Amino acid sequence: MSELNTPTAPAEALAGALTAEYAAIWAYGPIGVRLSGAERKAAAEAEAAHRSRRDALVVHLSAAGGGVPPDRPGYALPFPVTDRASALRLAVQVEERTAAFWRAALPASTGADRDRALAALVEYAVRATRWRRSAGTTPITVPFPGRPG
């Protein structure tokens, strides 16, 4: 997953969020295969939500005349995903990391872009909390979602 940088312009901030969406989508492949039942369904829904946000962001950036960063063929995972526990740990990390990019977009954006960033931040914070609950991690919430640790 790419490093979080402080964006200087709205288009740059949204491009950063788009790269985070690409990485999140890629990570849900290894996550989903290590889960079953309702957790596997939740992983598929999370991946679909990231795909939807990615698609909307690509259209938005293209229509605004901004640069659309390309997706990469693969992303390095922070650790091997070999079982349910590591899949849930990665799911939490993916949502937290993606939320951080959207949080970084908040101060650089206004209007509909700011609304878009806030909606993504909230959605990913809630999803990270659900993954923490599934994993039995405590605390299940964090005081400032998306804030670098």
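Report the full-extension gain for the segment Thr137 to Ala48: residue separation times 0.36 nm, less the Cα-Cα distance, to one decimal in nm.
Extra length from Thr137 to Ala48 when fully extended: 29.6 nm.
Based on the mean of other Cβ atoms within 10 Å per residue, sort peptides 14-27, 121-134, 97-110, 32-45 so the most packed one is first.
Per-residue mean Cβ counts within 10 Å order the peptides as 14-27, 97-110, 121-134, 32-45.
Stretch Arg130-Asp55 to full length: gain in nm at 0.36 nm per residue minus the Cα-Cα span?
24.6 nm
Per residue, what accessible area does the chain have, given a 1.4 Å probe and all protein chains present, in Å²?
Value for the chain: 52 Å² per residue.
Once label points are set 7 Å from the Cα along Cα→Cβ at both Leu118 and Phe79, what is their separation, rounded to one decimal in nm?
A separation of 3.5 nm, rounded to one decimal place.
The values are calculated or read from the model by the stated rules, or taken from the named source; none is laboratory data. Since we're looking at a predicted model, the values are computed, not measured. With ideal geometry, Cβ positions are generated from the backbone for all residues, glycine too; neighbour counts draw on all protein chains shown. Note: areas computed on protein heavy atoms with side chains; ligands, DNA, RNA excluded. Shrake-Rupley method; radii C 1.70, N 1.55, O 1.52, S 1.80 Å.
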